[in-house]
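In what follows, a single structure is set out as structure tokens and then discussed.
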Amino acid sequence: RFGNKLVLNKINFSVAKGSVFGILGNNGAGKSVLINILLGLLSPDEGRVSILGYDRAIHHREINSRLNFAFSYQSLQLQSSPRENLLTFARLYGVRNHESKIDHYSRLLGIETIIANTKKVVHMSSGERVKLSLCKALVTEPKILLLDEPFVYLDPSSLEQMVKTIKTINKTRKTTIVYTSHKLNEIRNLCDSVLVLKKGNISYLGKIVSEKKLLTYY
């Protein structure tokens, strides 16, 4: 709740380990609020959040060391270069062999030229920042990756590349991925199962179904 406004109501779901789980809903449905609760940035008024067997209200360190996220609006160090951003973040997380991991994930994302560029992030395009934010999250090699409408600014070609990368990460590293979007085609193309939020309530929870059927819940 925010004041008298009920934003999420009786939300109850689980995510299978190693799956790609979608959260679908219109703008204002409560997707980002739900992600912020999973991240520990907001506390629910009622109920309990368990991640990897840990209680979110108690075991912040244990959860945060195994989880990372990327948002389309995620802030970066604007006055630093792309590589400086990644180095700072990797060191904060205590990532071993961080140089080689930065090189590996930048190649996987096809952004080697962006990482090699010495220009500051403030001068990069929105699409380049989106890719850098995803690389920043992947460098820590999290067990769970939360993606909140991460690819809003990408052109179709770049979007296809990022979706392919997410599928590769999920398959090769068995990373559990939670992906929010208001676009049905993105969810259907990427996810194994989906939770559909409508005005803060669950209107559908289960395996991916046809776009026509999803629309009835949307």
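The values are calculated or read from the model by the stated rules, or taken from the named source; none is laboratory data. From a predicted model like this one, the values you see are computed outputs, not experimental measurements. As a convention, Cβ positions derive from the backbone with ideal geometry for all residues, glycine included, and neighbour counts pool all protein chains shown. Note: areas computed on protein heavy atoms with side chains; ligands, DNA, RNA excluded. Shrake-Rupley method; radii C 1.70, N 1.55, O 1.52, S 1.80 Å.
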Checklist entry - Which residues, counting only those in segment 58-79, are more than 12 Å from R129 (Cα to Cα) and out of contact with any Ser or Thr (no Cβ under 7 Å at 6 or more places or on another chain)? => result I58, H59, H60, R61, E62, I63, N64, S65, R66, L67, F69, Q79
Checklist entry - assigned to a loop (DSSP other than H, G, I, E, B), surrounded by fewer than 16 Cβ atoms within 10 Å (Cβ to Cβ) and at pLDDT below 90 - does that describe any residue in segment 54-75? => result yes
Item to check | Unique match (being at positive phi, surrounded by 17 or more Cβ atoms within 10 Å (Cβ to Cβ), touching a residue at least 40 places away in the same chain (Cβ under 8 Å) and touching a strand residue (DSSP E or B) at 6+ places or on another chain (Cβ under 9 Å)) among G30, G22 | outcome: G30
Next on the checklist: I need a count of the residues in segment 41-72 that are touching a residue at least 24 places away in the same chain (Cβ under 8 Å) and under 30 Å from S158 (Cα atoms).
Outcome noted: 9
Checklist entry - In segment 170-181, is there at least one residue being free of Cβ contacts under 8 Å to residues at least 24 places away in the same chain and under 23 Å from K101 (Cα atoms)? => result yes
Next on the checklist: Take the residues in segment 115-143 that are aliphatic (A, V, I, L, M) and open to solvent by 20 Å² or more (accessible area, probe 1.4 Å); name whichever of them is nearest to the chain's Cα centre (by Cα).
Outcome noted: V122
Next on the checklist: One residue is enough: does segment 96-106 have a residue meeting the conditions surrounded by 12 or more Cβ atoms within 10 Å (Cβ to Cβ), touching a Cys at 6+ places or on another chain (Cβ under 9 Å), within 24 Å of L190 (Cβ to Cβ) and free of Cβ contacts under 8 Å to residues at least 60 places away in the same chain?
Outcome noted: yes
Item to check | Residue that is surrounded by the most Cβ atoms within 10 Å (Cβ to Cβ), among those in segment 155-182 that are assigned to a loop (DSSP other than H, G, I, E, B) and touching a strand residue (DSSP E or B) at 6+ places or on another chain (Cβ under 8 Å) | outcome: T175
Checklist entry - Among the residues of segment 89-112, how many are farther than 21 Å from P150 by Cα and hydroxyl-bearing (S, T, Y)? => result 2
Item to check | Selection from segment 66-79 of residues that are within 23 Å of F151 (Cβ to Cβ) and more than 18 Å from the chain's Cα centre (by Cα) | outcome: Q77, L78
Next on the checklist: Being assigned to a helix (DSSP H, G or I) and surrounded by fewer than 19 Cβ atoms within 10 Å (Cβ to Cβ) is the filter here; which residues of segment 84-95 pass it?
Outcome noted: E84, L87, T88, R91, L92
